[in-house]
Amino acid sequence: MKKLIVLLLSIIISNGYAQNIGINFTGFVKTDIFYDSRQTISLREGHFLLYPQNEKLDANNADVNAKSNFNILSIQSRLLGKITGPDAFGAKTSGQIEAEFFGTNDADINGFRLRHAFVKFDWENSSLLVGQTWHPLFISEMFPSVVSFNTGAPFQPFGRNPQIRLTHSFDNIKLILTAASQRDFSSNGPDGFSSSYLRNSVIPNINTQIQYLNNNNLIGIGLDYKKITPRVVTTKNLKTDNSLPSISLTGYAKYNKDLFTLKSQLVYGSNLADLMMLGGYAVKFINPNNGFEEYTSIKVLSVWGELIYGKEIEYGIFAGYSKNLGADDKITGPYYGRATNIDNLLRISPRIQLNSNKARFSTEVEYTVAAYGKNDNNNNGKVIDAKNISNLRLLFAVYYFF
């Protein structure tokens, strides 16, 4: 059996080379060592940090969550395969497949999971990408270069989605149209976080963008449309297809000059919990006779910026601010989203990185403040009586690229 497997692999590999098919493996090994001054809302044993946990008082009025913690993890290490092959349909073809050891949930930590998997067709002025990669609101040409694995979330939209993306270029302008589904990053609802709400709406997440590029400088704007169907049956066991549409806008820019880089992005939108951001939606009306529900989106304004200087010794600072703007209607039922009781978030994270050939030492201080309060249902769910809760993360990371 072993000889047969070896023979089959040899035939496949030799046939691949005969057709000019190749794959080049790259990636990195990374270990993160981090300390938090209090308990946090995070993923994978604290590795993907979002914000500090709210106060939780015990019988003596002491804050249970005011407890520091420490960890060392290497689960961000990853492997990327860049695939090249012969032309097809008059286009140059390529592909990527990338995975890491982050797992799909906390129980699966260390598990090997898919990050990116797509094929791309490039014609003279157009390209077609089909597969899983970054959500179009995550601008891959200019995302934050922070050391923390959160990559600027929850200020920066963060998610990877199966999608079809068509790009057309002329001169320095790019027009981009994307239709996406949800997989690892999904909307919240009555059954928890799930891709079923978008799937049951039958309409994919639609995104369109215009970009202007000049000498590695970039400016762009985009519009995102998403429609979800939270329930297919009411609590009274009656079929329903009431849905919730939402629209989001973004503007972004990147400027490069010698060793200096400036990046910034603004996002104004609603129901963005599937992109690891604040907000979501809530029930604004429930019919007591049949259980039919109507929904209202929670709007969020988020902005981040980053300054970077240097090469062998790189200095950087990231700053982000996010504000819960509430909904357009009064709220009578439950909230579905992420941190809907946070009025605003603020983060400042300076860093220094030492680069030497294929190795890098990085250190970062990440200070995050979350203003926790309670939702005023009669004032469209806006957060009132907010109190600032802060966390200080000290992070040291070692990379080896290959």
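Structure values in brief
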{"quantity": "Residue ranges of strands (runs of 3 or more DSSP E) in segment 217-278 with at least 3 members of a type in the set (Ser, Thr, Tyr)", "calculated": "244-257, 260-270"}
{"quantity": "Residues located in segment 95-134, provided they are in a loop (DSSP other than H, G, I, E, B) and within 24 Å of residue 32 (Cβ to Cβ)", "calculated": "101, 102, 103, 104, 105, 109, 110, 111, 112"}
{"quantity": "Test: residue in segment 359-379 that is among the small types (Gly, Ala, Ser) and in contact with a Ser or Thr (Cβ under 7 Å, 6 or more places away or on another chain)", "calculated": "no"}
{"quantity": "Output for segment 182-221, where each listed residue is closer than 28 Å to residue 262 by Cβ and in contact with a Pro (Cβ under 7 Å, 6 or more places away or on another chain)", "calculated": "207, 209"}
{"quantity": "Residue, surrounded by the most Cβ atoms within 10 Å (Cβ to Cβ), within segment 283-318, restricted to residues that are β-branched (Val, Ile, Thr) and farther than 12 Å from residue 352 by Cα", "calculated": "298"}
{"quantity": "Residues within segment 140-173 that are in contact with a helix residue (DSSP H, G or I) (Cβ under 6 Å, 6 or more places away or on another chain) and more than 23 Å from residue 28 (Cβ to Cβ), tallied", "calculated": "1"}
{"quantity": "Flag for residue 310 being closer than 20 Å to residue 267 by Cβ and either within 22 Å of the chain's Cα centre (by Cα) or not hydrophobic (A, V, I, L, M, F, W, C) (or both)", "calculated": "no"}
{"quantity": "Single match in 195, 248 (criterion: free of Cβ contacts under 8 Å to residues at least 24 places away in the same chain, over 15 Å from residue 177 (Cβ atoms), out of contact with any Cys (no Cβ under 7 Å at 6 or more places or on another chain) and crowded, with 17+ Cβ neighbours inside 10 Å)", "calculated": "195"}
{"quantity": "Which listed residue is among the hydroxyl-bearing types (Ser, Thr, Tyr) and over 12 Å from residue 136 (Cβ atoms), from 250, 167, 240", "calculated": "240"}
{"quantity": "Residues located in segment 35-76, provided they are surrounded by 14 or more Cβ atoms within 10 Å (Cβ to Cβ), of a type in the set (Lys, Arg) and touching a Lys or Arg at 6+ places or on another chain (Cβ under 9 Å)", "calculated": "38"}
{"quantity": "Tabulated pairs, segment 307-329, first on the phi > 0 side of the Ramachandran plot, second at pLDDT 95 or above and buried (at least 16 other Cβ atoms within 10 Å of the Cβ), C-beta under 7 angstrom, 6+ apart or interchain", "calculated": "326/298; 326/299; 326/380; 326/381; 326/382"}
{"quantity": "Selection count where residues are assigned to a strand (DSSP E or B), surrounded by 14 or more Cβ atoms within 10 Å (Cβ to Cβ) and in contact (Cβ under 8 Å) with a residue 24 or more places away in the chain, scope segment 359-389", "calculated": "18"}
{"quantity": "Segment 117-134 - residue that is out of contact with any Phe, Trp or Tyr (no Cβ under 8 Å at 6 or more places or on another chain) and among the small types (Gly, Ala, Ser) and, of those, surrounded by the fewest Cβ atoms within 10 Å (Cβ to Cβ)", "calculated": "126"}
{"quantity": "Of all residues in segment 168-192 being part of a strand (DSSP E or B) and in contact with a Phe, Trp or Tyr (Cβ under 9 Å, 6 or more places away or on another chain), the one that is surrounded by the most Cβ atoms within 10 Å (Cβ to Cβ)", "calculated": "187"}
{"quantity": "Of all residues in segment 344-358 being among the charged types (D, E, K, R) and part of a strand (DSSP E or B), the one that is farthest from residue 64 (Cα to Cα)", "calculated": "351"}
{"quantity": "Single residue of segment 262-286 satisfying the filter (touching an Asp or Glu at 6+ places or on another chain (Cβ under 8 Å) and not aromatic (Phe, Trp, Tyr)) that is nearest to residue 371 (Cα to Cα)", "calculated": "269"}
{"quantity": "Some residue of segment 135-142 being buried (at least 16 other Cβ atoms within 10 Å of the Cβ), touching a residue at least 40 places away in the same chain (Cβ under 8 Å) and closer than 21 Å to residue 399 by Cα", "calculated": "yes"}
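A quick yes/no check of all residues on (1) touching a Ser or Thr at 6+ places or on another chain (Cβ under 6 Å); (2) at pLDDT 95 or above; (3) of a type in the set (S, T, N, Q):
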position	(1), (2), (3)
154	no, yes, no
157	no, yes, no
167	yes, yes, yes
202	no, yes, no
206	no, yes, no
222	yes, yes, no
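The values are calculated or read from the model by the stated rules, or taken from the named source; none is laboratory data. Predicted, not measured: the structure shown is a model, and the values here were computed from it. Ideal geometry is used to build each Cβ from the backbone, glycine not excepted, and the neighbour counts take in all protein chains shown.
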